């Protein structure tokens, strides 16, 4: 009986082939772990209880981004090019959020108005990855300042919010956007619910 010949596996064996396989595996792993820059949509949840503080009065609004740089942080501490930045103008996004919030308080927001004015300043919005032995940790912080003013005086309030979150894997782009908006939304709610600020805005 004639037996089937065994295939010659010598061209696919040996230390040279092993070296090539190891090199290819390293390249594939490196490519899978690499991350690039990310742009996040600034759209925090700032739902507030409706209050008729304004009773239809106009209020001038102004927004300023006082952070020293546009970037919010980096996705990978070992890669300075993997930055996280706002998609579009962050001041415009904050202006829309502030307008909706003040409209819910009974005001008519305007770009410029005499009398009552509200200035919102973004002083911090940061994303810092903290590499752990097993898990991935991320520290996200937001800080804002609000200045309400009239010809008779002014009131200033500040608010800060942040957290450190621990994840089993590297956070995705959706994770990053969600965490950044969560911290910013918490800071804005605290500012716009400040009791002293509400009392000042309610003055006729």
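No value in this document is a laboratory result; all are computed from the given coordinates. Since this is a predicted model, take the numbers as computed values, not measurements. All Cβ positions, glycine included, derive from the backbone under ideal geometry; neighbour counts span all protein chains shown.
In this rough spin-label picture, where each label sits 7 Å from Cα along the Cβ direction, the residue 164-residue 131 distance is 1.7 nm. Taking label points 7 Å from Cα along the Cα-to-Cβ direction, residue 35 and residue 66 give a separation of 3.0 nm. Distance from the C-alpha centroid of segment 149-165 to that of segment 77-135: 13 Å, rounded to the whole angstrom.
For the pair residue 43 and residue 199, the difference between a 0.36 nm per residue extended length and the Cα-Cα distance amounts to 53.4 nm.
Cβ-Cβ distance of residue 152 and residue 100, R₀ of 30 Å, FRET efficiency by 1/(1 + (r/R0)^6): the value works out to about 0.65.
Note on segment 86-140: along the principal axes its Cα atoms extend 56, 21, 18 Å, ordered by decreasing extent. Modelled this way, with points 7 Å down the Cα-to-C-beta line, the labels at residue 57 and residue 172 are 4.7 nm from one another. Just so you know, the Rg over Rh for segment 107-166 is 1.26, from Cα atoms, with Rh as the Kirkwood radius. Give the calculated FRET efficiency between residue 87 and residue 50 to the nearest 0.05, with a Förster radius of 25 Å applied to their Cβ-Cβ distance. E between residue 87 and residue 50, to the nearest 0.05, is 0.25.
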